[in-house]
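The values are calculated or read from the model by the stated rules, or taken from the named source; none is laboratory data. Because the structure is a prediction, the values reported are computed rather than measured. Cβ atoms come from the backbone with ideal geometry, glycine included; neighbour counts cover every protein chain shown.
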């Protein structure tokens with residue numbers, strides 16, 4: 001039968017890919033296909049490739065697209081057309097022998113081949129295919145894909161060039177903004193790439209005034225506007241109005257419009273004398289101040305309309321770029337402030353909530369991060385992005401019921417995502433660390449740039465007493481994007497390997513990357529505290545961390561531990577009790593209980609273990625500490641083996657003797 005190609009195109013447009021694939025097989029295997037021109041064969045194969053690609057049969061699609069290109073290359077040059085825009089056009093002739101059909105777009109077929117390679121994790125082959133597409137003919141999607149491929153191949157300079165090209169054509173490609181920030185581009189450089197929209201009057205923006213001159217210029221323009229309105233000279237009014245809006249748009253001091261008009265009103269009181277001098281031939285009975293107020297209200301309403309329609313949009317975009325650059329440069333405080341400002345403008349924005357929660361998780365604001373993750377899930381219960389970060393926080397809080405439900409939900413949403421496998425790894429860590437490790441490695445195979453997968457893998461290697469492998473995992477995370485957690489993991493790994501020099505180097509690197517971070521200062525203190533001769537230095541770093549961030553409990557607990565190590569139990573108790581006045585935290589109660597137990601103050605220790613469990617009933621450290629304390633209070637050695645364990649040992653010995661006798 002003669003298969004109409006336009007029907008295959010219709011099937012593809014309606015998402016009926018399986019039917020399109022079956023019909024495509026008829027098309028390319030027709031008895032008359034051998035007699036058709038190479039041009040028509042190429043088009044037929046491209047159509048079948050489209051159907052296979054959309055059915056996610058990427059290996060078959062790859063083979064079919066390559067066949068299409070082979071036929072395309074033998075088409076006589078005079079039959080090809082210069083205007084080719086898509087792989088599948090709906091205006092093809094139904095005759096397979098027709099030579100008047102538009103040729104396929106070679107560059108788009110190459111792009112499809114590259115996408116097939118990407119889907120098959122063959123990034124190198126995909127990059128080779130993409131480099132065969134001339135740069136001038138690349139679309140936005142092509143440039144974005146090339147940027148990702150170059151970045152995966154560690155060709156950062158080429159990746160930056162591709163991402164910049166994307167933003168020159170469209171400033172709303174958020175992936176390109178984030179990637180450039182992570183690759184070290186400054187906010188100023190990124191914003192300079194955005195296409196500049198001309199102002200309404202065609203004049204250059206007036207952004208070189210200081211605040212006083214800027215307000216004065218704006219006030220005088222308003223007075224001129226009022227005068228032109230009095231004279232009913234509409235063209236002049238419109239020109240001045242455009243000047244006013246441009247001046248507002250150029251606002252170099254980022255003043256709120258209401259604050260701006262408040263200042264202008266004050267200045268207009270001083271300039272009001274000038275207003276009576278502007279032509280009053282047609283409004284002699286009208287008072288100048290009434291006209292002034294009317295003009296001011298008119299400008300106010302129009303300016304607010306312009307702000308809602310355009311000015312805010314540019315400011316929002318700039319804030320987003322600045323926030324991403326702050327996070328990428330480890331300025332977490334600045335990034336959080338900018339994201340919080342955006343959240344006030346868009347209170348239900350799930351993306352901003354997730355970005356804030358992710359940063360809070362990195363810097364140890366666990367309660368705030370959990371709250372924002374849960375708020376995002378309340379708006380959109382089918383989110384998968386960053387849910388592995390949420391899973392890690394739930395594990396730290398020992399909230400196993402919520403963790404179980406989260407993993408169950410993620411598996412029902414999309415069981416193929418890297419985030420889901422990291423969340424499963426977190427869940428399995430308590431039951432089977434090796435199984436958890438397999439899930440973490442699976443997440444990296446799915447997405448080799450997924451940082452939480454490397455962090456989880458490193459932590460699991462530390463739990464399995466394999467610090468050398470943990471170093472490799474944390475280094476992998478650092479190569480993608482250095483952050484606090486990868487530095488912390490490296491320091492812990494090197495200390496476990498007794499490589500003090502390497503641990504100190506990693507901690508100092510963290511301090512250089514995050515000079516205003518109390519967590520980085522604590523890392524250096526941890527390295528010094530591992531050596532009895534460095535405890536005095538450690539104390540200074542812990543105290544500096546607490547001066548920088550008084551509410552950082554990690555540094556307070558570490559300093560208390562240092563006091564205990566040096567026999568200053570009283571100082572440790574005073575420090576921890578001082579923090580308990582402001583922070584009701586289970587870790588503080590556990591540490592106090594441990595100190596009191598070491599001082600043989602059993603009742604006080606018991607009280608604090610119980611307080612910790614009231615705050616967090618799932619606190620494992622409190623449960624184990626309480627069990628140990630109860631044995632001590634009964635006069636039982638807490639380190640002695642249980643009776644069941646002794647019986648098991650005796651039974652095993654008896655079985656061995658029986659076996660020898662037999």
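Values as computed for the structure displayed
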{"quantity": "Unique residue being surrounded by fewer than 22 Cβ atoms within 10 Å (Cβ to Cβ), more than 24 Å from residue 499 (Cβ to Cβ) and touching a helix residue (DSSP H, G or I) at 6+ places or on another chain (Cβ under 8 Å) when the list is 584, 612", "calculated": "584"}
{"quantity": "Selected residue [more than 37 Å from the chain's Cα centre (by Cα) and touching a residue at least 12 places away in the same chain (Cβ under 8 Å)] from 622, 605, 612", "calculated": "605"}
{"quantity": "Any pair with Cβ under 6 angstrom, 6 or more apart, that starts in segment 345-367 at a residue that is touching a residue at least 60 places away in the same chain (Cβ under 8 Å) and ends at one that is part of a helix (DSSP H, G or I)", "calculated": "362/484; 363/332"}
{"quantity": "Within segment 183-198, considering residues that are surrounded by fewer than 16 Cβ atoms within 10 Å (Cβ to Cβ) and assigned to a helix (DSSP H, G or I), the one farthest from the chain's Cα centre (by Cα)", "calculated": "192"}
{"quantity": "Matching entry among 545, 584 (being under 30 Å from residue 325 (Cα atoms) and free of Cβ contacts under 8 Å to residues at least 40 places away in the same chain)", "calculated": "545"}
{"quantity": "Only listed residue being out of contact with any helix residue (DSSP H, G or I) (no Cβ under 6 Å at 6 or more places or on another chain) and crowded, with 16+ Cβ neighbours inside 10 Å, chosen from 157, 138, 151", "calculated": "138"}
{"quantity": "Filtered residue count, segment 322-373, keeping only those that are in a helix (DSSP H, G or I) and closer than 26 Å to residue 477 by Cβ", "calculated": "36"}
{"quantity": "Some residue of segment 506-514 being modelled with pLDDT under 90 and not in a helix (DSSP H, G or I)", "calculated": "yes"}
{"quantity": "Boolean, residue 425 is under 30 Å from residue 518 (Cα atoms) and either crowded, with 16+ Cβ neighbours inside 10 Å or out of contact with any helix residue (DSSP H, G or I) (no Cβ under 8 Å at 6 or more places or on another chain) (or both)", "calculated": "yes"}
{"quantity": "So residue 67, is it part of a helix (DSSP H, G or I), surrounded by fewer than 20 Cβ atoms within 10 Å (Cβ to Cβ) and at pLDDT below 60", "calculated": "no"}
{"quantity": "Qualifying residue in segment 24-31 (condition: more than 24 Å from residue 128 (Cβ to Cβ), modelled with pLDDT of 70 or more, within 44 Å of the chain's Cα centre (by Cα) and not in a loop (DSSP other than H, G, I, E, B))", "calculated": "yes"}
{"quantity": "Condition met for residue 566 (surrounded by fewer than 17 Cβ atoms within 10 Å (Cβ to Cβ), closer than 26 Å to residue 628 by Cα and free of Cβ contacts under 8 Å to residues at least 24 places away in the same chain)", "calculated": "no"}
{"quantity": "Filter pass, residue 332 being crowded, with 17+ Cβ neighbours inside 10 Å, at positive phi and touching a residue at least 12 places away in the same chain (Cβ under 8 Å)", "calculated": "no"}
{"quantity": "Residues satisfying the stated conditions in segment 445-480, i.e. at negative phi and not in a helix (DSSP H, G or I)", "calculated": "447, 448, 449, 450, 464, 466"}
{"quantity": "Residue check for residue 133: closer than 30 Å to residue 42 by Cα, more than 20 Å from the chain's Cα centre (by Cα), part of a loop (DSSP other than H, G, I, E, B) and without any contact (Cβ under 8 Å) to a residue 40 or more places away in the chain", "calculated": "yes"}
{"quantity": "Residues of segment 401-422 satisfying the condition of being under 21 Å from the mean Cα position of the chain (by Cα), touching a residue at least 24 places away in the same chain (Cβ under 8 Å) and surrounded by 12 or more Cβ atoms within 10 Å (Cβ to Cβ)", "calculated": "410, 413, 417, 418, 419, 420, 421, 422"}
